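Asks: Before we start, here is the structure in question, set down as structure tokens.
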Amino acid sequence: RVKESKEGKSLRDHPGIQKAAAMIREGRLVAFPTETVYGLGADATSGEAVTSIFQAKGRPSDNPLIVHIAGADQLDELVSEVPSTGKQLIRRFWPGPLTVILRHRGTVAPPVTAGLDTLGVRVPSHPVALALLREAQRPVAAPSANRSGKPSPTQAEHVWYDLSGRIDALLDGGPTGVGVESTVVDVTREVPVLLRPGGVTLDMIRETVGEIRVDPGIRREGRAPRSPGMKYRHYAPRGELWVVGGSGKDQMQKVQALADQARREGRKVGILTTDEHREAYRAEWVFSCGRRSEPETVARGLYGCLRRFDEVGAEWIVAEAFPPTGVFFSVMNRLMKAAEGQVLSSGEERKA
Ligand code: TXA
Ligand code: MG
């Protein structure tokens, strides 16, 4: 467990950080907190180390990893050129929950990029992540520290549940702050392209670079998504998940009706909602992931909530949709993927 001491002693001297950094240099696997979710890190310059990340997670090898660095000054050794839009985004959002896609120079091990000529890079803002990266003195490849397909871990306990016995170390920095992964933006194009919505919102990016396109895969327009990771079922609890659109009373009535229908069909049913509506529902489990009036609390609580449904054994989960603006856009992206498109508007019937 790694915490910042009050005397302002540098985290870099913490024995846990020292040990973990040495392990990274030895090619071993270290899970660590970032401000978004926990990552599963290994030396990005070692093909063997990186390959063991894919094995531990059960991750398909065609899904490239994000490389984490301690500061933008480390970019030169990894990438050939940073276009001006990339520079603007980096200046505003690093350290923080933004990954930029750039053309690489072949200095990271090939499995990191899954054979692409581009590389995803970010500087996380979590003090434990930064201390580890500075001490390791290596670029660290790190996907989220969950078994492939599961919700990303926002607490050390989630990592332990998914990966104990498969990793060499876990730095526990308590619950993460943002709760959804970093925003991924491809800046190799004339106009930057959003590949994955995350902790940095579309509006924040627009304010910085003006124009940005949203990859059609994100809005599910049926075209092949360009971020290879977006094509797999992801973030999913074990139970069947349905998302109900609309808002207000109509939405709540539909959620309750679906839950009741599934219960009559003999399923163990859970409802995923927010503090504002929790008392109004009846189901075996009603979990709130945050406050609708404060979207960042919902982002922070979402994955933990999905995992709780697994813990209690929910077989059927109904979730309220959120309006797709601000960080709710990222929340909805994850919910839709977890539900594999099982979305009902408040007027629709579910076919049994
Ligand atoms: O917040 C985060 O980004 C967390 C923490 C640990 O930093 N990491 C994370 O990594 O979410 P992962 O592997 O779960 O997601 C990486 C995403 C995938 O969707 C992957 O396809 C995409 O980034 N990606 C990585 N390299 C890419 C590239 N060269 N081109 C397009 N997409 C890329
Ligand atoms: Mg992931």
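Asks: Distance from the Cα centre of the range 158-188 to that of the range 31-50, in angstrom?
Replies: After rounding, the separation between the Cα centres reads 9 Å.
Asks: Å³ per residue of the Cα convex hull, for the range 91-197?
Replies: 133
Asks: Once amide H atoms are built 1.01 Å from N in the peptide plane, which residues 5 or more positions from Gly41, or in another chain, come under 5 Å H to H?
Replies: Val30, Ala31, Phe32
Asks: Given H placed 1.01 Å from N in the peptide plane, which residues other than close sequence neighbours of Ala319 have an amide H under 5 Å from its amide H?
Replies: Answer set, sorted by chain and number: Trp242, Val243, Val244, Leu272.
Asks: When a/c reaches 1.5 or more, the comparison of a/b and b/c decides; with that in mind, is the range 1-155 rounded, prolate or oblate per its Cα gyration tensor?
Replies: Since a/c reaches 1.5 but b/c is at least a/b, the shape of the range 1-155 is classed as oblate.
Asks: Still on this structure: What residues qualify as long-range amide H neighbours of Thr118, i.e. H under 5 Å apart, gap of 5 or more or another chain, H built at 1.01 Å from N?
Replies: Amide H neighbours of Thr118, under 5 Å, 5+ apart: His104.
Asks: Where both partners of a DSSP beta bridge lie in the range 235-335, what percent of those bridges are antiparallel, to the nearest 5?
Replies: 5
Asks: Please work out whether the range 299-352 counts as rounded, prolate or oblate from its C-alpha gyration tensor, where a ≥ b ≥ c are the square roots of the eigenvalues and a/c under 1.5 means rounded, while otherwise a/b larger than b/c means prolate and anything else oblate?
Replies: Oblate is the answer for the range 299-352, as a/c is 1.5 or above yet b/c matches or exceeds a/b.
Asks: Inverting the mean 1/r over all pairs of different Cα atoms, compute the Kirkwood radius of the chain and quote it in Å.
Replies: Taking every pair of different Cα atoms in the chain, averaging 1/r and inverting gives 20.7 Å.
Asks: What is the distance in Å between the Cα centres of the range 316-337 and the range 252-302?
Replies: 13
Asks: Rounded, prolate or oblate: which one fits the range 152-213, using the alpha carbon gyration tensor with axes a ≥ b ≥ c (rounded when a/c is under 1.5, else prolate when a/b beats b/c, else oblate)?
Replies: Prolate, since a/c reaches 1.5 and a/b exceeds b/c.
Asks: Follow-up. With labels modelled as points extended 7 Å from the Cα through the Cβ direction, what inter-label distance (nm, one decimal) is found for Asp250 paired with Arg147?
Replies: 4.0
Asks: What list of ³J(HN,Hα) couplings, whole Hz, do you get for the range 27-35 from phi and the Karplus terms 6.51, -1.76, 1.60, once you set θ to phi - 60° and write x for glycine and proline?
Replies: Here the 3J(HN,Hα) series is x, 9, 9, 10, 8, 8, x, 10, 5 Hz.
The numbers here are math on the coordinates, done by the rules we state, and not lab data. Bear in mind that the values here come from a model prediction, so they are computed numbers and not experimental data. Because the Cβ atoms are built from the backbone with ideal geometry, glycine has one as well, and the counts that use them run over all protein chains shown.
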